[in-house]
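The values are calculated or read from the model by the stated rules, or taken from the named source; none is laboratory data. Because the structure is a prediction, the values reported are computed rather than measured. Don't worry about glycine lacking a Cβ; one is built from the backbone with ideal geometry, like all the others, and counts go over all protein chains shown. All accessible areas refer to the heavy atoms of the entire protein, side chains included, with ligands and DNA or RNA removed. Shrake-Rupley method; radii C 1.70, N 1.55, O 1.52, S 1.80 Å.
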Amino acid sequence: MKSKYLYAGLAGLAIVTAVIITVQFILPMTGQNNPQKNQVAFLDFSYDEENSDLRTTLALHHINMTKPIRLSSKSDVSQYCNFLTDPAKQALVTYCTSTVLTGKQGNLGDITMVGSPEVPGLVVVALESNPVMSNYDDVKTVFSVVLNSTICQCWDKERPGGYPTLSAMVDALRDFHLNGKQPDSTTHAVALGGKHFEIELSTNTSGYLWKLLVSK
């Protein structure tokens, strides 16, 4: 599998390490003529408030989210917060938090936030499904909670991609992937509420890996 649980001895929790992300909108740098071109486009919330909000809301849907593991040493960041193929952008990542999700059927995956020690620049949700996607409803619930919390509750107003609901977009990606012959499918970057998100679906030896990526 491209994603697996690694036991690092950090608070006894497991961390899911997602595959390296190559999407262009993630952690964007400012323009070449901007004197702050080496700055990350940070998100507008803190690690603590967002992890707390997500944990509270997911619990209402019977999905448990652990308290975050905080990683800040150079070695930990290099091992567990290494999501970007661009070395210049990855060098800007100096901190991350990771939380594990469990639902009615057991382990779902994790939510990782990476950026500076003050604020994140990228949220990565990595969820695993078995070959029959028996936890499909939980996948859609987690994605909906994360988008509503990290971006906005404005889907009905903006209807990105023309889809009436997030559920409809996820259904379309699932159907496209299952009917295709490629191991990976993606929505590509989708604008919503002044930010961007992307949903990816990959086939692996245990079933499927879902990823939701949120950035400025």
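Please enumerate the residues belonging to region 49-77 that are more than 26 Å from Leu108 (Cβ to Cβ) and either hydroxyl-bearing (Ser, Thr, Tyr) or under 16 Å from the mean Cα position of the chain (by Cα) (or both).
Narrowing region 49-77 to residues more than 26 Å from Leu108 (Cβ to Cβ): 73-75.
Scanning region 49-77 gives Ser73, Ser75.
Does Val100 qualify as being assigned to a strand (DSSP E or B), open to solvent by 10 Å² or more (accessible area, probe 1.4 Å) and touching a residue at least 12 places away in the same chain (Cβ under 8 Å)? Please lay out each step first, then the result.
Numbers: assigned to a strand (DSSP E or B): yes; open to solvent by 10 Å² or more (accessible area, probe 1.4 Å): yes; touching a residue at least 12 places away in the same chain (Cβ under 8 Å): yes.
In short, yes.
Could you figure out which of (1) part of a strand (DSSP E or B); (2) modelled with pLDDT under 90 isn't true of Arg70?
(2)
Can you tell me how many residues within region 184-199 are open to solvent by 30 Å² or more (accessible area, probe 1.4 Å) and either touching a Gly at 6+ places or on another chain (Cβ under 9 Å) or closer than 16 Å to Ala172 by Cα (or both)? If you could, list the steps in order and put the result at the bottom.
Pass one, region 184-199, residues open to solvent by 30 Å² or more (accessible area, probe 1.4 Å): 184, 186-189, 191, 193-194, 196.
In the following step, the residues that additionally are either touching a Gly at 6+ places or on another chain (Cβ under 9 Å) or closer than 16 Å to Ala172 by Cα (or both) were identified as 184, 186-189.
Looking only at that region, the number is 5.
In this structure, is Ala126 touching a strand residue (DSSP E or B) at 6+ places or on another chain (Cβ under 9 Å), among the small types (Gly, Ala, Ser) and surrounded by fewer than 21 Cβ atoms within 10 Å (Cβ to Cβ)?
So Ala126 does not fit the description; no.
Looking at (1) of a type in the set (S, T, N, Q); (2) open to solvent by 10 Å² or more (accessible area, probe 1.4 Å); (3) within 17 Å of the chain's Cα centre (by Cα), which is the only condition Asn204 fails?
(3)
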